[in-house]
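J.: Below is a structure I'd like to ask you about.
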Amino acid sequence: MPSARRVKAISCSWRVVIGNVRSYNGSSNALWIFNAEEEIVMNEKQQRIGPLKKVSLVLEAGTGPDHADLTAQPIPFEFIFGVGSQGLCPLEFQLADKEKGDSLSLHIRSDELASLFQHLPVHPLGLPESAGAFYLKVKIAGVSDADPKELIKALAEAGACGDHCCGH
């Protein structure tokens, strides 16, 4: 009877593969479990947030770092990173070099929200007037290369601000 060898699970971002494994001293069936959460080609690196990347976020606000009790539902938000006429805004500084799946929890006051986003055209979060200080949870839902049309539009909007930041 051929000797069976145990195969350890290898953690990498790829897919589940079931098949036969042959070794020099016999053959055995094996289940190779790779991280099947997402199918990513092994050679393809996950993109990091950087200049001119399209960034997709999900925003939630709450009274505590683990609560989302101030927003009715998660708010999707997309923008092109690094196209502001005045440079990076405070939120972009916080997001630099992060990747999909990363998240931030920022403790801010309601009156600081506009300065956090500056030139980024964020939709209103619908916070109650009495919110005062709150936690803004920012989850990175995606990072990709910007489509040339999106990039040109974002640059044109940033250029329209001139030497001030109007938030569009």
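J.: Give 120, 95 a once-over and let me know the one that is of a type outside the set (Val, Ile, Thr), touching a residue at least 40 places away in the same chain (Cβ under 8 Å) and in contact with a Cys (Cβ under 8 Å, 6 or more places away or on another chain).
T.: After ruling out the rest, the residue left standing is 120.
J.: If I go through segment 108-165 residue by residue, how many of them are among the charged types (D, E, K, R), buried (at least 17 other Cβ atoms within 10 Å of the Cβ) and in a strand (DSSP E or B)?
T.: Adding up the residues that qualify gives 1.
Every number in this text was worked out from the coordinates using simple rules, so none of it is lab data. Keep in mind it's a predicted model, so treat the numbers as computed, not measured. All Cβ positions, even for glycine, are placed from backbone atoms using ideal geometry, and neighbour counts span all protein chains on display.
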